[in-house]
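Step one of this worksheet: look at the structure below.
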Amino acid sequence: MTENKKTKTIKTIKVDVDKCNGCRACEVVCSAFHAQPRYSSNNPSRSRIRVIREPFSDIYVPVYAGEYAPAECAGRDKYVIDGKEYEECAFCRAACSSRDIFREPDSGLPLKCDMCESDPELPEPMCVKWCQADALVYEEREEEVQEEQKKEEMEIGLETLANQHGWQTIIDAVTRLSKKG
Ligand code: SF4
Ligand code: SF4
């Protein structure tokens, strides 16, 4: 394996939970931005960011969709925030088989935050732009990565998806998206 090291821009979003007011504008704009055609609809269940809301305690925690997990993890820790108990799963970023969050409602395929990279003209991701409370802050940093490793990770990810959903589901979803576009 050739170990070509390249510099890559790592994009992250810093979440300030104390500033979030639970308005859910981030969910709305994310789902609208990713609708086919773009902005033709909005549906928070298709959003790649979801807000855990506890209005009576004034607790709101935005969570971004991360990597797909093919199996449930063993972790079942609990968090107590302001006297209320939460399952560890509530704050997890993965789409996994134990819950419906971060799944495309029609196909069941996992959703993952893509930093809105499909529009390279955007100065910052849509959820950051629309968050009037400044709870989301876009940040970039440079890091060295190995090209071969990235490719292998992509192949493993696709194979895992195919094992879980079948190649036909993936092909159907891609065909449907390309027809709508
Ligand atoms: S848009 Fe900002 S304030 Fe509103 S729910 Fe999302 S993160 Fe919270
Ligand atoms: S960065 Fe883009 S894809 Fe990710 S949650 Fe925000 S709006 Fe959605």
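Go through the range 15-66 and count every residue that is touching a residue at least 40 places away in the same chain (Cβ under 8 Å) and aromatic (Phe, Trp, Tyr).
Going through the range 15-66 one residue at a time, the tally reaches 3.
For the range 20-71, give me each residue that is among the polar types (S, T, N, Q), touching a strand residue (DSSP E or B) at 6+ places or on another chain (Cβ under 9 Å) and under 30 Å from ASN163 (Cβ atoms). Can you show your working first?
Narrowing the range 20-71 to residues among the polar types (S, T, N, Q): 21, 31, 36, 40-43, 45, 47, 57.
Then keep just the ones that are touching a strand residue (DSSP E or B) at 6+ places or on another chain (Cβ under 9 Å); that gives 21, 45, 57.
Across the range 20-71, the qualifying residue is only SER45.
Considering (1) in contact (Cβ under 8 Å) with a residue 24 or more places away in the chain; (2) at negative phi, say which one GLY108 fails and leave the rest.
Tallying (1) in contact (Cβ under 8 Å) with a residue 24 or more places away in the chain; (2) at negative phi, GLY108 fails exactly one: (2).
Which one is farthest from ligand 1 (Cβ to nearest atom) among residues in the range 11-23 that are assigned to a loop (DSSP other than H, G, I, E, B) and of a type outside the set (Gly, Ala, Ser)?
The residue in question is ASP18.
Which count do you get for residues in the range 24-59 that are at pLDDT 95 or above, assigned to a strand (DSSP E or B) and more than 11 Å from the chain's Cα centre (by Cα)?
1
Taking the stated definitions as given, is LYS14 surrounded by fewer than 16 Cβ atoms within 10 Å (Cβ to Cβ) and either among the aromatic types (Phe, Trp, Tyr) or under 15 Å from the mean Cα position of the chain (by Cα) (or both)? It would help to see each step written out before you state the result.
On the way: surrounded by fewer than 16 Cβ atoms within 10 Å (Cβ to Cβ): yes; either among the aromatic types (Phe, Trp, Tyr) or under 15 Å from the mean Cα position of the chain (by Cα) (or both): yes.
Against the criterion (surrounded by fewer than 16 Cβ atoms within 10 Å (Cβ to Cβ) and either among the aromatic types (Phe, Trp, Tyr) or under 15 Å from the mean Cα position of the chain (by Cα) (or both)), LYS14 qualifies.
Which numbered condition in (1) under 25 Å from CYS30 (Cα atoms); (2) away from ligand 1 (no atom under 16 Å from the Cβ); (3) surrounded by 13 or more Cβ atoms within 10 Å (Cβ to Cβ) is the only one that GLU72 fails?
In the conditions (1) under 25 Å from CYS30 (Cα atoms); (2) away from ligand 1 (no atom under 16 Å from the Cβ); (3) surrounded by 13 or more Cβ atoms within 10 Å (Cβ to Cβ), GLU72 misses (1) alone.
Of all residues in the range 85-137 being in a strand (DSSP E or B) and surrounded by 17 or more Cβ atoms within 10 Å (Cβ to Cβ), which is nearest to ligand 1 (Cβ to nearest atom)?
Only one residue tops the list, namely LEU136.
What is the residue count in the range 29-66 for residues that are within 20 Å of CYS92 (Cα to Cα), within 15 Å of ligand 1 (Cβ to nearest atom) and among the small types (Gly, Ala, Ser)?
Residues in the range 29-66 being within 20 Å of CYS92 (Cα to Cα), within 15 Å of ligand 1 (Cβ to nearest atom) and among the small types (Gly, Ala, Ser): 3 in total.
Quick one: in the range 13-30, which of the residues that are within 8 Å of ligand 2 (Cβ to nearest atom) and not β-branched (Val, Ile, Thr) is farthest from PRO62 (Cα to Cα)?
First, the residues of the range 13-30 that are within 8 Å of ligand 2 (Cβ to nearest atom): 13, 26, 29-30.
From what's left, not β-branched (Val, Ile, Thr): 26, 30.
Working: CYS26: 9, CYS30: 13 Å.
Ranking the candidates gives CYS30 first.
Out of all the residues in the range 60-84, which are part of a strand (DSSP E or B) and more than 16 Å from ligand 2 (Cβ to nearest atom)?
Within the range 60-84, LYS78, TYR79, VAL80, ILE81, LYS84 qualify.
The values are calculated or read from the model by the stated rules, or taken from the named source; none is laboratory data. Please read all numbers here as calculations on a predicted model, not as lab measurements. All Cβ positions, glycine included, derive from the backbone under ideal geometry; neighbour counts span all protein chains shown.
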